[in-house]
Each structure stands twice: as C-alpha cells, then as structure tokens.
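Please treat every number below as a calculation from the coordinates, not as lab data. No experiment lies behind these values; they were computed from the predicted model shown. Methodologically, a virtual Cβ is constructed for each residue, glycine included, from the backbone with ideal geometry; neighbour enumeration extends over all protein chains shown.
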Amino acid sequence: QVQLVESGGGLVQPGGSLRLSCTASEDISRETVAWYRQAPGKQRELVGTIFKVGLTHYVDSVKERFTISRDNTEPTVYLQMSTLKPEDTAVYYCTLPTTNTWGQGTQVTVTS
C-alpha cells in the first residue's frame, strides 16, 4: 500500500508563509489528494483537494491564501500557505481519499 509522508511544517509568524509537501512511496500523479488539518481540541477538517484532472477545491477559510499543486515528475503534492493566521495552527495531513491512506501529519504553528 502506498505510504504518504508530510513535511515542511514549523513555527511561523502571522502573515508568513509555509509550503508543506506530501511525498508518496509511489506514483500518485493520477490520484485525487486532499489536505486536512486538526487543531487542538477540534475535529479534523478538510482544507482542500487536488483532483486527478488537476482541478482544485478549497474551503472558504483558506481560499485566496492556500494553493495545492502537484509535481508530476515526483510523487509529491504541495500545500502552499500564505498570509497565515493563528487559527491556521494545526497538524496538517495529506490523504488519498479513494484508499483512505493518511500520512502521519506535520505541525504548523502560527504565533507571534
């Protein structure tokens, strides 16, 4: 079964940017990939999705700030986050919805 590894999380000030990576153990260029996040004490929530045809969808809270893209030369999907807010603090996960495969998550903390 394919394995996913997220990376790129860290500590950033409000208004800053981070790029998260979701690297797979095999080719996922034709797979739909979603990013989720889970803040302390809250349920895991969808952030956005990149569909296998390349279209993307984002939840309202991150529209115009987050961008999902993929590098088809490598088995990697990116989540570019800009204009970060303290409420974006969470563990971020990538997933393959069709197989319910999840990575281990990467922590993003937005604080001054």
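Points to keep in mind about this one:
- Ranking Val91, Gly8, Ser29 by Cα position along the charge dipole of the chain, where only Lys, Arg, Asp and Glu carry charges on their C-beta atoms, puts Val91 farthest toward the positive end.
- Of all the options Ser69, Ser25, Ser82, the one that moves most in a Gaussian network model of the chain with Cα springs shorter than 10 angstrom is Ser25.
- Exposed loop sites here are trypsin sites (Lys or Arg not before Pro) assigned a DSSP state other than H, G, I, E or B and surrounded by at most 11 other beta carbons within 10 Å; excluding them, the longest clear run of the chain is 64-112.
- Net charge of neighbours whose Cβ lies under 12 Å from the Cβ of Cys22, counting Lys and Arg as +1 and Asp and Glu as -1: -2
- Between Thr83 and Ser25, the FRET efficiency estimated from the beta carbon spacing at R0 = 41 angstrom works out to 0.80.
- Note on Gln107 and Leu11: the model spin-label points, each 7 Å out from Cα along the C-beta direction, lie 1.0 nm apart.
- Per DSSP, loop GluC sites (Glu not before Pro) in segment 1-65 with at most 14 further Cβ within 10 Å: Glu26, Glu64
- Within a Gaussian network of the chain (alpha carbon springs, distance under 10 Å), most fluctuating of Ser61, Ser21, Ser29: Ser61
- Amide hydrogen neighbours beyond the local backbone of Val108, cut-off 5 Å, H modeled: Gly10, Ala90, Val91, Tyr92
- Dipole in debye (nearest 20) - the chain, about Cα centre, beta carbon charges: Lys, Arg +1; Asp, Glu -1: 200 debye
- Options Thr67, Thr111, Met81, ranked by Cα towards positive dipole end of segment 15-112, top entry (Cβ charges): Thr111
- Straight-distance crosslink candidates among lysines, where the alpha carbon sits under 25 Å from Lys85 and sequence neighbours closer than 8 are dropped: Lys42, Lys63
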